[in-house]
Amino acid sequence: MSKIISFPHLGDYYIPISEFLKRTTKATIKPSPPITKKTIALGAKYAPDTVCLPFKYNLGNFLESLEGGANILFTAGGGCRYRYYAEVTETILRDLGYNFEFHSLVTKGKINFKNIYQDFKKINPNLKLTTFIHSGLYTLIFIWDMDKIDTIIRKNIGFEQTPNTHINLKKKMLNAFKNTNSIFKLTFLYFRYKHLFKKIPINKPNNCLKVAIIGELYTAMEPFSTYFLEKELASMNIEIKRYTNLSYLLWQKKFKTKHMLKKTKKYCKYTLGADGLDNVYRTLDLINKKYDGIIHTKPFGCTPEVGAIPIIQKICKEYEMPIIFLSYDTETSNEGIKTRLEAFYDLLNIRRNKK
């Protein structure tokens with residue numbers, strides 16, 4: 001039987017992840033289909049009521065993948081309750097009668113490269129350690145370059161003179177990235193496309209509104225989970241900032257924890273779990289950088305963010321920083337979110353005019 005590997009969808013990150021799996025396992029890679037309402041309906045149908053929304057999205061992803069022929073599933077998660085979800089997911093899928101291999105890249109909240117390599121060797125006995133390391137470095141650089149370009153896009157996409165210019169160029173860039181095996185060539189392509197992105201004609205005023213997105217990591221990185229919030233903000237001619245991306249989670253976060261605790265000691269003695277402390281720190285950072293407003297996103301019932309929200313509210317009240325909290329669940333309507341965003345946009349404009 002042929003080996004068909006799948007994994008949950010997470011924005012455009014499925015592209016570098018697919019390339020890594022293809023180069024190391026030599027199996028057929030079939031990422032979960034792009035998320036739709038069907039995905040969340042499937043996940044919500046079989047998930048426990050008390051789990052958070054990302055679990056339901058991922059479970060729906062797995063169900064669609066298994067129905068599409070996948071027989072090897074990969075997952076990752078840590079930092080909060082999600083570190084326990086791999087076992088719950090596997091149990092639910094097996095109880096539904098599916099037959100598959102299941103691999104988690106995170107064990108007890110940590111990534112153990114030796115264990116991961118051994119797992120990959122089970123799938124591809126001919127996998128050499130040098131190939132595994134090279135493919136891993138290639139993937140990390142791919143993600144790092146992709147995240148840096150996304151930062152440029154968020155600053156300018158709301159002001160492009162021709163619609164979809166940034167998105168179309170990004171698609172070309174990602175296609176070029178995945179069609180090279182050379183880390184040197186990958187770096188060359190990054191600088192080439194960075195130059196092309198900066199040449200895109202934009203009409204951006206010096207005093208444009210600047211809004212930052214903070215909050216839970218999954219709703220930050222998977223566009224469908226927030227009903228394409230960034231796209232909506234861009235349509236309002238807003239410069240967007242977002243902190244959370246895979247680069248931050250994979251290697252930047254652990255080096256910043258002590259610094260964040262020091263800067264937030266007035267408000268936090270502990271890390272709060274997941275990105276709770278990070279978002280308190282980001283709130284203070286955005287106030288210092290004089291942003292016009294903050295949008296906090298989370299799935300309903302996300303305990304680290306529930307703990308962080310009162311602290312963030314206190315800070316924003318203290319410094320008069322406009323903030324809106326958006327909580328998403330299976331019943332959240334796109335129209336309701338859009339109405340609240342429009343009201344927030346009007347508030348920011350009124351506040352700007354008064355200043």
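Considering only 162, 176, 111, and ranking their Cα positions along the charge dipole of the stretch 111-176 that arises from unit charges at the beta-carbon of Lys, Arg, Asp and Glu, the one farthest toward the positive end is 111. If the chain linking residue 287 and residue 50 were pulled fully straight, counting 0.36 nm for each residue of separation and taking away their Cα-Cα distance, it would gain 81.9 nm. Would you work out what percent of the accessible area of the stretch 8-142, with all protein chains in place, is carbon or sulfur (probe 1.4 Å)? In the stretch 8-142, the share of accessible area belonging to carbon and sulfur is 57 percent. By the compact-protein rule of thumb, 2.2 N^0.38 Å, the alpha-carbon radius of gyration of the stretch 1-109 corresponds to a ratio of 1.00. Of 251, 295, 341, which is farthest towards the positive pole of the chain's charge dipole, taken about the Cα centre with +1 and -1 on the beta-carbons of Lys, Arg and Asp, Glu respectively? Going by the charge dipole, the pick is 251. When each full DSSP H helix of the chain is screened for a Cα extent of at least 27 Å along its own axis and an average Kyte-Doolittle hydropathy of at least -1.0, the helices passing are 129-156, 334-354.
Compute, for the chain, the length of the dipole vector about the Cα centre, with Cβ point charges of +1 (Lys, Arg) and -1 (Asp, Glu) only. Units Debye, rounded to 20. Write out the running numbers ahead of the final one.
Values: 56 positive and 31 negative charges, 325 e Å.
For the chain, the charge dipole is close to 1560 debye.
With point charges of +1 on the Cβ of Lys and Arg and -1 on the Cβ of Asp and Glu, referenced to the Cα centre of the stretch 1-96, which listed residue (31, 55, 84) lies farthest in the positive direction of the dipole? Farthest along the dipole direction, towards plus: 31. Only the Cβ atoms of Lys and Arg (+1) and of Asp and Glu (-1) were treated as charged; on that basis the dipole of the stretch 143-255 about its Cα centre amounts to roughly 480 debye.
Think of a 1.4 Å ball rolled over the protein heavy atoms: the chain then has 51 Å² of accessible area per residue.
Of all DSSP beta bridges confined to the chain, the antiparallel ones make up roughly 5%.
Scoring 251-260, 51-60, 82-91 by mean Cβ neighbours within 10 Å over their residues and listing the highest first yields 51-60, 82-91, 251-260. Its relative contact order, with pairs defined as Cα atoms under 8 Å and 6+ residues apart, puts the chain at 16 percent.
Going by the alpha-carbon gyration tensor, a ≥ b ≥ c the square roots of its eigenvalues, is the stretch 179-221 rounded (a/c under 1.5) or, if a/c is not under 1.5, prolate (a/b greater than b/c) versus oblate?
Details: a/c = 4.22, a/b = 1.34, b/c = 3.14.
Cα axes put the stretch 179-221 in the oblate bin.
Mind putting a number on the dipole of the stretch 124-192 about its Cα centre? Charges go on the C-beta only, +1 for Lys and Arg and -1 for Asp and Glu, and I need it in Debye to the nearest 20. Spell out each step's value before the answer.
On the way: 10 positive and 4 negative charges, 27 e Å.
About 120 debye.
Suppose R0 equals 35 Å. What FRET efficiency, 1/(1 + (r/R0)^6) with r the Cβ-Cβ distance, do residue 195 and residue 37 give to the nearest 0.05? Efficiency computed from Cβ-Cβ geometry: 0.35. Here's the list of lysines a cross-link from residue 265 could span, going by alpha-carbon distance under 29 Å and ignoring same-chain residues fewer than 8 apart: 108, 110, 210, 241, 253, 254, 256, 289, 290, 298, 314, 317.
Could you tell me what percent of the accessible area of the stretch 253-355 is made up of carbon and sulfur, with a 1.4 Å probe and every protein chain present? Accessible surface attributable to carbon and sulfur in the stretch 253-355 totals 54 percent. A simple spin-label model places pseudo-atoms 7 Å from Cα toward Cβ; at residue 113 and residue 130 they are separated by 1.7 nm.
Set the Förster distance to 25 Å, then compute FRET efficiency between residue 95 and residue 330 from the Cβ-Cβ distance, nearest 0.05. Calculated value: 0.75.
The values are calculated or read from the model by the stated rules, or taken from the named source; none is laboratory data. Treat the numbers as computed from the prediction; the structure is a model and nothing was measured. As a convention, Cβ positions derive from the backbone with ideal geometry for all residues, glycine included, and neighbour counts pool all protein chains shown. Heads up: the accessible areas ignore ligands, DNA and RNA and are worked out on the full protein's heavy atoms, side chains in. Shrake-Rupley method; radii C 1.70, N 1.55, O 1.52, S 1.80 Å.
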